[in-house]
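Have a look at the structure below before the remarks.
The values are calculated or read from the model by the stated rules, or taken from the named source; none is laboratory data. Quick caveat, the model's predicted, so the values are computed rather than measured. Positions of Cβ are generated from backbone atoms using ideal geometry, with glycine treated the same way; all protein chains shown enter the neighbour counts. With ligands, DNA and RNA removed, areas are computed over all heavy atoms of the protein, side chains included. Shrake-Rupley method; radii C 1.70, N 1.55, O 1.52, S 1.80 Å.
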Amino acid sequence: MRVIDLIKSTPKTAFSFEILPPLKGTGIEKVYADIDMLREFDPKYINITTHRSEYVYQELGNGLFQRKRIRRRPGTVAVAAAIQNKYNITVVPHMLCSGFTQEDTEYMLLDLQFLGITDLLVLRGDKAKHESSFIPEPGGHTHAIDLEKQIHEFNQGVFLDGSPIKAPVHTFSYGVACYPEKHEEAPNMEQDLFWLKQKVEAGAEYAVTQMFFDNRHYFNFVDRAREAGITIPIIPGIKPFGKLSQLSVIPKTFKIDLPQELASEALKCKNDEEARALGTEWCIQQCKELMSHNVPSIHFYTVGAARAVHDVAQAIY
């Protein structure tokens, strides 16, 4: 069943979460452990992130360095297949513009089709660490909407070169990202909503938000999206605050605000254990308020926070 159907068919607020593929050279056991801990809350689907290659400089000796391209977290398709096979839970691999060519995308779609995985989250993705602004791969897409168009053509049974796909095509459905506090590159919220509407008109069936810690941002964003004619489900993406260092890291990394009440209480914490307890309770109250407004689903970002997400889910589901 497609993610959009799972969301719409659930009588109460659905539960889902996102995981990272393991680092290159490590096993999948930690991923399984997190899923084992969270599956008691009946996740409707699990997202698996995709990661681009990055350039690193390897020291060769005598003051010489070699520029190498590496992917620290390969295996999104394989991890998605492993989870689907082991747990019989719908999986949603992320599909990016960032770091991938159109040909890479086509082969990923083919691999996923062979595996019977037909749900995606379509994203532009972040710029590379060495870039000052986003630069697509040669032969890659610049915007998520361009990636949507390629998926649409594939769904219609047409390869990149215009040749027909001879085998029956299992069409892909997908969601996209949205930003209650505005994407950092958007000049204003109106423009941000304009492009979200374009992505919806191109075929997106739902949108998942960037994390936020103040529900007013989410409610205001949904109101403005509805006024703009965007009618798809807008799923709140949530992550518990968990470390004192996140007071500065979260705003810097994700370009979002922490509410003054949360920040003030966090400054009173003596250690990360106290900060985690504060963040968990804040998140519980956040989710209860969202659920009281009948949000269709809550999507949890579990990176470094799987235990806290478990505690939150235990309190609200």
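Some points to look at:
- Dipole magnitude for region 200-296: about 220 debye, using +1 per Lys or Arg Cβ and -1 per Asp or Glu Cβ, origin at the Cα centre.
- Averaging the sequence gap over all C-alpha pairs within less than 8 Å and six or more residues apart, then dividing by the number of residues, gives the chain a relative contact order of 18 percent.
- Highest-first packing order for the peptide set 259-265, 80-86, 280-286 is 280-286, 80-86, 259-265, based on the mean count of other beta carbon atoms within 10 Å.
- Contact order for region 249-317, expressed relative to its length and based on alpha carbon pairs under 8 Å spaced 6+ residues apart, stands at 30 percent.
- What the chain shows is 50 Å² of accessible area per residue, with the surface traced by a 1.4 Å probe over protein heavy atoms.
- FRET efficiency, Ser245 to Ala315 (Cβ-Cβ, R0 25 Å, nearest 0.05): 0.50
- Under the Karplus curve 6.51 cos²θ - 1.76 cosθ + 1.60, θ = phi - 60°, whole-Hz ³J(HN,Hα) for region 280-285, x wherever Gly or Pro sits: 5, 5, 4, 5, 4, 5
- Greater than 25 Å apart at Cα, pairs in Lys8/Lys288; Lys127/Lys199; Lys197/Lys243; Lys182/Lys239; Lys24/Lys252; Lys44/Lys239: Lys197/Lys243; Lys24/Lys252
- Considering only the chain, percent of DSSP beta bridges that pair antiparallel, nearest 5: 25
- Stretchable slack from Thr10 to Arg71, in nm (0.36 nm times residue separation minus alpha-carbon distance): 18.2 nm
- Sequence ranges 17-25, 176-184, ranked by mean other-Cβ count within 10 angstrom, highest first: 176-184, 17-25
- Surface composition of the chain: carbon plus sulfur atoms hold 50% of the accessible area, using a 1.4 angstrom probe and ignoring ligands, DNA and RNA.
- Stokes-Einstein diffusion for region 202-272 at 10 °C, viscosity 1.306 mPa s, with a Kirkwood radius from C-alpha pairs, works out to 115 µm²/s.
- In this rough spin-label picture, where each label sits 7 Å from Cα along the Cβ direction, the Glu190-Asn294 distance is 3.2 nm.
- When its C-alpha radius of gyration is set against 2.2 N^0.38 Å (N residues), the chain gives a value of 1.02.
- Relative contact order for region 101-167, counting Cα pairs under 8 Å that sit 6 or more residues apart, in percent: 34
- Annotation: amide H-H contacts under 5 Å for Thr50 (H modelled 1.01 Å from N, sequence separation of 5 or more, or interchain): His94.
- Cα-based shape type of region 105-204, given that a ≥ b ≥ c are square roots of the gyration tensor eigenvalues and the cut on a/c is 1.5: prolate
- Sorting Ser163, Ser173 by solvent-accessible area of protein heavy atoms yields Ser163, Ser173, largest first, with a 1.4 Å probe.
- Taking the centroid of alpha carbons for each part, region 68-89 and region 1-53 are 11 Å apart.
- Using a simple spin-label model with pseudo-atoms 7 Å out from Cα toward Cβ, Ser264 and Thr142 lie 4.6 nm apart.
- Cα Rg, Dmax (largest Cα-Cα span) when computed across region 265-317, Å: 11.9, 37
- Linear extension gain, Lys149 paired with Asn88, 0.36 nm per residue minus alpha-carbon span: 19.0 nm
- A cut-off under 11 angstrom between Cβ atoms defines the neighbours of Ala228, and their net charge, with Lys, Arg +1 and Asp, Glu -1, is -1.
- Inter-site label distance for Lys24 and Phe134 at 7 Å from Cα along Cβ, in nm: 2.4
- For region 172-317, the ratio of Cα radius of gyration to the globular rule of thumb 2.2 N^0.38 Å stands at 1.07.
- Note on Val169/Ala277: beta-carbon distance plugged into 1/(1 + (r/R0)^6) with R0 of 45 Å gives a FRET efficiency of 0.35.
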